[in-house]
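Working notes for the structure below.
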Amino acid sequence: MNEASLRQIQAADPTASTWLSANAGSGKTRVLTDRVARLLLNGTSPQRVLCLTYTKAAASEMQNRLFARLGEWAMLGDAALSAALRDIGHDSDLTGDTLASARRLFARAIETPGGLKIQTIHSFCASLLRRFPLEAGVTPQFTEMDDRTAKRLRADVLEGLTLSHGDVVEGLLRHFTGDSLDELMQGIAKHRDVFAPPLDRNAAMARFGLDPDASAVTLLAQVFLGGEHTLIAQLLPIFRAGTTTDVKAADKLAKLSLTSPELADLTALEGLLLFGATAKAGPFAAKLDSFPTNATRAALGDLMHPLQELMRRVECARPVRLSLAAAAKTAALHRFAGVFLPALEARKTQRGWLDFDDLILRARDLLTDPSVAQWVLFKLDGGVDHILVDEAQDTSPQQWRVIELLTQEFTVGDSARSDDRTIFVVGDKKQSIYSFQGADLGMFETMRTDFAARLDAVGVGLNRTELLHSFRSSDAVLRVVDHCFADHRGTGLGGDVKHIAFQHALPGRVDIWPVVGKTADPEDGAWFNPVDLVGDEHHTSQLARRIAEHIRRLIDTGTCVPQKDGPRAVHEGDFLILLRRRSQLFHEIIRACKVEGLEIAGADVLRLGGEMAVRDLTALLSFLATPEDDLSLAAALRSPLFGWSEDDLFRLAHGRKGFLWEALRDCGQTATREILSDLLNQTDFLRPYDLIERMLTRHDGRRLLLARLGAEAEDGIDAFLTQALEFERGNVPSLTGFLTWLETEEVKVKRQADTAGRRIRVMTVHGAKGLEAPIVILPDTAKQRDRGSDDLVLMEDTMCWTMRSGENPAPLEAAIAAAKAIRDAEDARLLYVAMTRAETWLIVAASGDVGDGKCWYDQAETAARAAGAGVHQFRFGAGLRHAHETWPNTGTRAPDEAADAPPLPDWARTAAPTPVRPAAPLTPSGLGGAKALAGEYATLDSDDAMRRGHQLHMLLEHLPHWADAPADVKLQRGHDLLRAGQEDGGATPDVPSLLAESAAVLEAPELAFLFAPGTLAEVELCADLMGQRLNGTVDRLIVSDERVLAVDYKSNAVIPGSPAAVPNGLLRQMAAYEAALRQIYPDRQVEVALLWTRAARLMRLPSALLSSALTRASLDHG
């Protein structure tokens, strides 16, 4: 067996805890899958394995791979199965029993309650909170917010704060100079832990080294001692007699108001009397020997000394001025955060919403809360024996904290069962590129050291393994990668990290194309020319055309690409074009590929409002909402939905006397008129989704759009329908409301890149993480402007609000520089990820400015030369090529997979028939009859009475779990339950009354048997009754060997004196329960009873009385 496979088998050893560093393309997903499979082979129950991944796509891929493998094992013969088990390292004890057990693993995994726990950490935390909602302080039905909902919520909170804390908002706005206030609020919410508690003014002053008494007044008093006005007056005539530079300085000095100086005067003096940030004398040093000019300095005589003293005072004052301004701005930020974050949390709690950060933070708080943490860990401890963490380099500190708490029990006390509990972590520092999502590369090493120390302490140890072989990339690509990052330090790159090509004989290429030089900005054209599009001769357009033409030529000439199983001709699906961001070049490449007639998957992130199909459908909806909207109707008519020409539209619109729709109704376009009339007639009766679907299906709109716009349009159409459903879930489903909802926020939908098929993929490097392609093109490698956001910067342990460039005090400037260094290091890792997506052919191109030695193009060019690249003449100029082995000769063009595709059947193009809906199931409470006696609603109306009943049910369901807890704990749990179950906008519950009533029931000795261990709460029943399906829920069920007792809680205010006086509706309900339980337990005696909570009294109901009530219900139902 080869070394690469042996290393994988070693890493997948299920008996050892392992920290695995895996190079790009080294097969870490296979190792994860093999390890889980081997855990199951060793007898580990599937529910005792927890695998945490970074993305849902990664979790899905791993689960699919695992099920595919287990499913394959289930069908293999003994010899083939034995070989398969040996391939993953399970080469001992291959007996018949072992093989039989391996074949059963698929069924075990499928039948595991809740499924195999292969999920993202956010999904795991969500499931943890749903399992322990009371302990976590969240509603069990909480909803995870999307970005759109979160943005709307922040706007609502800000609007509320302008009314309740107007002075705080005004203080924030006084300092705000950015483009988006929402981005600032989003940053505050993202770093909520750092703002707890917020700094006050004195604390902010101290962070910047200022005394609490420091102020602009005291600073000005230290600079302006009283004679400066006279000094300036004496200087002015001498300056004006000097050079042009001196005259300009005199004009600026004359504008100062030094009789009552302000900070603006001090700032103006800094500009005159101090050097700049890059001066040889030092940043912002005083111009002691440089101001004014030499001749004027000589003419000043004795005035030079007081002028230089003023310079020194201004020099000393500048850092203090900057610190005062920064402290005031940061204090305003923290003051706002102090009211914004509680208001935001209150709104989320009121609506039962949690964002993605809340999932992690609430789970962390749950696992660290001393009052419940041990209970939660106890419940979890028996359920998880093996934890696997994928993409560890992209895990945030708070996520690591959750993982640390989960694994803490592995090495503490009786839980330290070292023989059968393991931790497996896999990651690659070189691929840490998600700092904007909280990833902290420093935690990678910290946690490895921590895990090693904890496991060493219990005598287990942590294996540290590396996977150096790449199963993906050719040797040519890997050699350039090694040379490119050999000198990088402190970034997760460089050092002794090397790559080994598993397919060493596989031919490979790295091409460095000549740069498309930067073109001059064109002169302004006509006023109606679009200002946001580049011209055809712009360097980005030239590079985009070069890429598209090159791909077209490779396909048309049948150029081959080497594969592990032999060469084949290239097709569009072999190309992956990666860019840093969705810039102008990004969209120009897509446009150029379409011009060349290439099959392209489109942008990796779909901007819904920019999709042509969506714009056509939106125009149609706008007309349906407002038939007088001529422009929307005209746009809809010109769309593929109706296919009108410009001439058709002109003939209809020109010379009309009324609205366009009125003219259309009177013209001869019968088909168009009938479609629009049908849709208009349905507009007030159909939800937005149904209206759109009616156009797409009944009126053939989907086929018409795809025929004109191509298959790429289908993603936009489907996303549009999804947005309609999303709108209907949280809003009144009106058409006008839906259109307004669409306009308020640009909707972005991420395309699944792995479903692109045989189409060119154009995407960002971040989006390509985990993907690969035979040919990768990197066109966005020229010099880049730093786009990092430094509005909020962490200075030591304090979140600070930065000033404009050049106005930050030294400590804050150092923090900004540190943040930029982190971004620069991540930019290098981003290049590593981009280059290692290539299997056999990497192409590096650029347009614009290069040559600073730091941009991606220069780094790749230098690395290619170091790897031995030679000059190569491309069709568009001389560049470099580094090649390994002999590239296969050109062959024949690959056949089109879709050429022989069978035609779609008729049923795929027609609307499905309306299904026959089954009869609605019966419910015990829906069998008719009165539910209360006369006088029941004298003090509470029916809604309030029902709400009070639900609250009592909730208390009686959950409080028995805390029967042995102290009284104060039970009281607090009751308060928590009522608060968590309060409905939005509902009346505040009468907490003392509800708690007293529930306590009377739970503490009544004669009722204790109802809540004893082994009794069941909220039991779902399903049975046949009166020829229909009955679905119901019994509040309490006691099942013994001989009898069954079903109890239903009733909180009626007026309690009947005997079973015969019980309202008929309640008797029918209990009769239905009795009938259902007789079917479920035919061999036992069934009894039913009502528990009147007001009196804490149990009333058993005679079977004969119930039988009579059920007969009456059958007749009514009849």
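The values are calculated or read from the model by the stated rules, or taken from the named source; none is laboratory data. Keep in mind the model is a prediction, meaning the values are calculated, not measured. All Cβ positions, even for glycine, are placed from backbone atoms using ideal geometry, and neighbour counts span all protein chains on display.
What do you reckon, is R1112 closer than 13 Å to P924 by Cα and surrounded by 16 or more Cβ atoms within 10 Å (Cβ to Cβ)?
No: the conditions fail for R1112.
Does L679 satisfy being part of a helix (DSSP H, G or I), within 29 Å of R607 (Cα to Cα) and either touching a helix residue (DSSP H, G or I) at 6+ places or on another chain (Cβ under 8 Å) or touching a residue at least 60 places away in the same chain (Cβ under 8 Å) (or both)?
Yes, satisfied.
Does K783 satisfy the criteria of being part of a helix (DSSP H, G or I), surrounded by fewer than 19 Cβ atoms within 10 Å (Cβ to Cβ) and touching a residue at least 12 places away in the same chain (Cβ under 8 Å)?
The answer is no for K783.
Checking the condition touching a Pro at 6+ places or on another chain (Cβ under 6 Å) and touching a residue at least 60 places away in the same chain (Cβ under 8 Å), which residue from L219, L231 passes?
L231
Condition first: part of a helix (DSSP H, G or I) and at pLDDT below 80. Now tell me which residues in the stretch 906-944 satisfy that.
Listed by number, the residues that qualify are D906, W907, A908, S942, D943.
So is R130 at pLDDT 90 or above and more than 30 Å from L955 (Cα to Cα) or not?
No: the conditions fail for R130.
Pick out the one residue from L258, L253, L219, L235 that is closer than 30 Å to W801 by Cα and surrounded by 15 or more Cβ atoms within 10 Å (Cβ to Cβ).
Going through L258, L253, L219, L235 in turn, just one is closer than 30 Å to W801 by Cα and surrounded by 15 or more Cβ atoms within 10 Å (Cβ to Cβ): L219.
Looking only at the stretch 245-264, count how many residues are among the acidic types (D, E), part of a helix (DSSP H, G or I) and touching a residue at least 24 places away in the same chain (Cβ under 8 Å).
Qualifying residue count, the stretch 245-264: 1.
Quick check, is A1060 small (G, A, S), more than 21 Å from G949 (Cα to Cα) and out of contact with any Lys or Arg (no Cβ under 9 Å at 6 or more places or on another chain)?
When the stated conditions are applied, A1060 passes them.
Looking only at the stretch 864-890, how many residues end up being out of contact with any helix residue (DSSP H, G or I) (no Cβ under 9 Å at 6 or more places or on another chain) and either of a type in the set (D, E, K, R) or loosely packed, with under 15 Cβ neighbours inside 10 Å (or both)?
Number satisfying all stated conditions: 8.
At least 3 residues that are at pLDDT 90 or above in each: list the helices (runs of 4 or more DSSP H) lying fully within the stretch 350-464 that qualify.
Qualifying helices (runs of 4 or more DSSP H): 356-368, 397-408, 441-457.
List pairs: first in the stretch 593-607 and of a type in the set (D, E, K, R), second part of a loop (DSSP other than H, G, I, E, B), Cβ under 7 Å, 6+ apart or cross-chain?
Note: pairs meeting the criteria are E599/R758; E599/R759; D604/R751; R607/E746.
How about the stretch 527-578: which of its residues are assigned to a strand (DSSP E or B) and either of a type in the set (G, A, S) or at pLDDT 95 or above (or both)?
A569, F575, L576, I577, L578
Taking only the stretch 319-349 into account, find how many residues are surrounded by 20 or more Cβ atoms within 10 Å (Cβ to Cβ) and free of Cβ contacts under 8 Å to residues at least 60 places away in the same chain.
Number of matching residues: 0.
One line per residue, one yes/no per condition, for (1) surrounded by 18 or more Cβ atoms within 10 Å (Cβ to Cβ); (2) within 30 Å of R729 (Cβ to Cβ); (3) touching a strand residue (DSSP E or B) at 6+ places or on another chain (Cβ under 6 Å):
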{"residue": "G609", "(1), (2), (3)": "no, yes, no"}
{"residue": "L624", "(1), (2), (3)": "yes, yes, no"}
{"residue": "E628", "(1), (2), (3)": "no, no, no"}
{"residue": "A636", "(1), (2), (3)": "yes, yes, no"}
{"residue": "S639", "(1), (2), (3)": "yes, yes, no"}
{"residue": "H654", "(1), (2), (3)": "no, no, no"}
{"residue": "T670", "(1), (2), (3)": "no, no, no"}
{"residue": "R673", "(1), (2), (3)": "no, no, no"}
{"residue": "D684", "(1), (2), (3)": "no, yes, no"}
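List the pairs whose first member sits in the stretch 107-128 and is over 13 Å from L52 (Cβ atoms), whose second member is surrounded by fewer than 21 Cβ atoms within 10 Å (Cβ to Cβ) and modelled with pLDDT of 90 or more, and whose Cβ atoms are under 8 Å apart, counting only residues at least 6 apart or on separate chains?
Close Cβ pairs satisfying both conditions: A107/A74; A109/F67; I110/F67.
Can you name the residue in the stretch 606-665 that is part of a loop (DSSP other than H, G, I, E, B) and hydroxyl-bearing (S, T, Y) and is also farthest from the chain's Cα centre (by Cα) among such residues?
That would be S645.
Taking helices (runs of 4 or more DSSP H) that fall entirely within the stretch 1-107, which contain at least 1 residues that are under 30 Å from D475 (Cβ atoms) and among the β-branched types (V, I, T)?
In the stretch 1-107, 3-11, 28-41 are the helices (runs of 4 or more DSSP H) which contain 1 or more residues that are under 30 Å from D475 (Cβ atoms) and among the β-branched types (V, I, T).
Are any of the residues in the stretch 1097-1114 closer than 22 Å to L955 by Cα and within 53 Å of the chain's Cα centre (by Cα)?
Yes, the stretch 1097-1114 has at least one match.
When you check R553 against the structure, is it under 37 Å from the mean Cα position of the chain (by Cα) and either of a type in the set (S, T, Y) or within 20 Å of A845 (Cβ to Cβ) (or both), yes or no?
In short, no.
Of these, G276, G242, which one is out of contact with any His (no Cβ under 7 Å at 6 or more places or on another chain), free of Cβ contacts under 8 Å to residues at least 40 places away in the same chain and small (G, A, S)?
Exactly one of G276, G242 is out of contact with any His (no Cβ under 7 Å at 6 or more places or on another chain), free of Cβ contacts under 8 Å to residues at least 40 places away in the same chain and small (G, A, S), namely G276.
Would the stretch 1056-1074 turn up any residue that is surrounded by 13 or more Cβ atoms within 10 Å (Cβ to Cβ), farther than 20 Å from A930 by Cα and out of contact with any Ser or Thr (no Cβ under 6 Å at 6 or more places or on another chain)?
No, the conditions are met nowhere in the stretch 1056-1074.
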